[in-house]
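Data first, discussion second: the structure below is written as structure tokens.
The values are calculated or read from the model by the stated rules, or taken from the named source; none is laboratory data. Remember, it's a predicted structure, so these values are computed and weren't measured experimentally. Cβ: placed from backbone, ideal geometry, glycine included. Neighbour counts: every protein chain shown. Side chains are part of the model used for accessible areas, which takes the heavy atoms of the whole protein and leaves out ligands, DNA and RNA. Shrake-Rupley method; radii C 1.70, N 1.55, O 1.52, S 1.80 Å.
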Amino acid sequence: MTPYEAAAVLHKEVQFRKEDTIRKRNSRLFRAANALRNAEIDVLRGNPSPSKPGQLPGTVTGTLMRSWNPYHTEGGETGIFGILSAAGYAGYLENGTRRMAARPFVDKIQEKALPKVMAIFAE
């Protein structure tokens, strides 16, 4: 094998491994976003209503719990994942307003999802 042939084989192998790594990362991003979504359902399901300030938001209709959608981006060298709420009032519950004390839930969702997310990316 000539040096040029060896370089071509090496280049092909590096390209294959890079594409394989990106494919695995994208799969993990998708699974991690779903783990966040599952943690959100666990955290927001069945909380008593009305909730007290500082407690998790109470469940009346379940709209907040059902409004979350997982997302992930697969661009270039990095990836991002998360969940977004379609309920316009989610931020008011998390942060409160001048007339209502906060009912924080984001940190609890992250705490619940963290072990599963870490396990996904440790594979």
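Here are a few things to note about the model shown:
- Count of the range 1-26 residues which are under 23 Å from Ala119 (Cβ atoms) and in contact with a helix residue (DSSP H, G or I) (Cβ under 9 Å, 6 or more places away or on another chain): 1
- Condition met for Glu123 (over 16 Å from Leu36 (Cα atoms), in contact with a helix residue (DSSP H, G or I) (Cβ under 8 Å, 6 or more places away or on another chain) and free of Cβ contacts under 8 Å to residues at least 60 places away in the same chain): no
- Failed condition for Tyr92, given (1) touching a helix residue (DSSP H, G or I) at 6+ places or on another chain (Cβ under 8 Å); (2) aromatic (Phe, Trp, Tyr); (3) open to solvent by 80 Å² or more (accessible area, probe 1.4 Å): (1)
- Checking Arg31 against (1) in contact (Cβ under 8 Å) with a residue 60 or more places away in the chain; (2) exposed (fewer than 13 other Cβ atoms within 10 Å of the Cβ); (3) not small (Gly, Ala, Ser), the condition it does not meet: (2)
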